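The values are calculated or read from the model by the stated rules, or taken from the named source; none is laboratory data. Bear in mind the structure is a predicted one, so any value in this text is a computation, not a measurement. Heads up, the Cβs are rebuilt from the backbone with ideal geometry, glycines too, and the neighbour counts pull from every protein chain shown. Areas reflect the complete protein model, heavy atoms only, side chains present, ligands, DNA and RNA absent. Shrake-Rupley method; radii C 1.70, N 1.55, O 1.52, S 1.80 Å.
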Amino acid sequence: MMNSIKTTSEITDPNKIGRYCSIFLNSLSTIAKNFNAKIIKVMSDGLIFYFPETYNSSNKFAFKDVIECCLTMITANIIINEELHKEKLPSVSYRISADYGRVELARSITSQNDDLFGNTMNVCAKINSKAKPNSVIIGCSLYRMIKSFSISTEDYQFEEIGEYLVGFKQRYTLYSVINGNRTNKNQSNKKKLISNMKYPQICSSQMNKESLLSIEPEIQQHKYPANIMLVDDEEDLLVTYRSFLDDEDYKIESFTDSETALKHFAETNVDYYDLIILDIRMPGLNGLQLYSKLKTMNIAIKVLFVSALDALDEILSVLPDVKPKDIIRKPVQREYFVSAIKRALG
């Protein structure tokens, strides 16, 4: 938040100071969580959050979530200020900075709150002031990761806007990010997500340092039509399947390792997923074995198989509750893939 001390000092009603901060903080917290970010710290004038899924440097969608999250936060500025003006509060302007790299997650023995440490965190904090009001700035490391996925300029436009001096000699290039030229269904989803934000009251008596560090935003999550898990040991196929579903607004999580997928399913609410899509031939735990284990945890879970095998009869004999319509043959065609998923979801 820009000029937060000056702005709040001009608000004479202490209760309205709490309201001013809560509208800003809860709005951005809502957006961050909807893009799978983990909020580390809530301060009186800002948030610190990170994206756990970016640990997988080949996960294109995790990195797109980072940029989409930041740009959605900027889009929300108009909505946030409309809410502030309804309550006769001043407008808010803010900057968003992001970068990519290794960080350390730590917790002191006297606190239950995690914190981020490391050079990436330091750079991200330092470059924030170099962004223009209500804009996104990213470091060179994140820029290189995004560009490595060959994301079209129809999605995002980047502009080199300066440098950050690391030490005495090393210069670190900085980039601004804006939405690209393409307007599609995702834009309407973004507006819908923003318009559903809530603004709970925070009284002035709560606005001390301890409570600010522990505010848990009251969030109305974006409602996805379905939660889907994809499991295939070939990363490029997972990317293809996800691209088939780009326009369907499903919440999708993908795994190249069946054991990891099983562990994740076991640790998640067993009713969370509406549909599981499995490759059959996978190393270690194959798709049929994974299917059996998933069914022991949730017998009602819906499962589709994707396979190039010509052993349909054998599969049906081994798993009598699986029907021919539950098996998608490779090579997969987009129209058939989407149709099979919609049919399975009913």
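Would you grab the residues whose amide H sits under 5 Å from the one on Val306? Only those 5+ places off in sequence or on another chain, please, with H modelled 1.01 Å from N.
The list, which skips near neighbours in sequence, is Leu278, Asp279, Ile280, Ile328.
Give the shape of region 28-164 as rounded, prolate or oblate, defined through the alpha-carbon gyration tensor: a ≥ b ≥ c are the square roots of its eigenvalues, a/c under 1.5 means rounded, and otherwise the shape is prolate if a/b is larger than b/c and oblate if not.
Cα axes put region 28-164 in the oblate bin.
Under a crude label model (7 Å from the Cα following the beta-carbon direction), how far is Asp246 from Ser58 in nanometres?
Inter-label distance under the simple model: 2.1 nm.
Using the heavy atoms of the protein chains alone and a 1.4 angstrom probe, what is the accessible area of region 247-346 per residue in square angstrom?
It amounts to 53 Å² per residue over region 247-346.
What full-extension length gain, to one decimal in nm, is calculated for Arg102 and Lys41 as 0.36 nm per residue of separation minus the Cα-Cα distance? All intermediate terms of the calculation are to be shown ahead of the outcome.
On the way: separation 61, 0.36 × 61 = 21.96 nm, distance 1.80 nm.
Stretched out fully, the Arg102 to Lys41 stretch lengthens by 20.2 nm.
Need one number: nm distance between label points at Thr268 and Asn122, each 7 Å from Cα along Cα→Cβ, rounded to one decimal.
Each label point is offset 7 Å from its Cα along the Cβ direction, giving 3.7 nm.
So how far apart, in nm, are the two label points at Ser91 and Glu235 if each is 7 Å from Cα heading toward Cβ?
4.4
In whole percent, and with a 1.4 Å probe on the protein chains, what portion of the accessible area of region 1-79 is carbon and sulfur?
52
Ignoring ligands, DNA and RNA, what accessible area per residue does region 2-112 give at 1.4 Å, in Å²?
Accessible area per residue, region 2-112: 47 Å².
Of the beta bridges DSSP finds with both residues in region 34-145, what % are antiparallel, to the nearest 5?
70
Please give the FRET efficiency for Leu165 paired with Ser339, using the beta carbon to beta carbon distance and R0 = 51 Å, rounded to the nearest 0.05.
Values: r = 55 Å, r/R0 = 1.08.
Calculated transfer efficiency: 0.40.
Given a 1.4 angstrom probe, I'd like the percentage of the accessible area of region 247-306 that is carbon and sulfur, rounded to a whole number.
49
Which stretch or stretches of region 123-142 have amide N atoms under 14 Å from the point lying 7 Å from Met2's Cα along the Cα→Cβ direction?
Only 128-137 fall inside the zone, counting backbone N under 14 Å.
Starting from the amide H of Ile161, placed 1.01 Å from N in the peptide plane, find each other amide H under 5 Å away whose residue is 5 or more places distant or on another chain.
For Ile161, the qualifying residues are Leu174, Tyr175, Ser176.
Quick one: which residues, 5+ away or cross-chain, put their amide H under 5 Å from the amide H of Phe255? H built at 1.01 Å from N.
Result for Phe255 returns Leu230, Val231, Asp232.
Taking the Cβ of Lys263 as the center, what net charge do the other residues with Cβ under 14 Å away carry, scoring Lys and Arg +1 and Asp and Glu -1?
Local charge sum for Lys263: -3.
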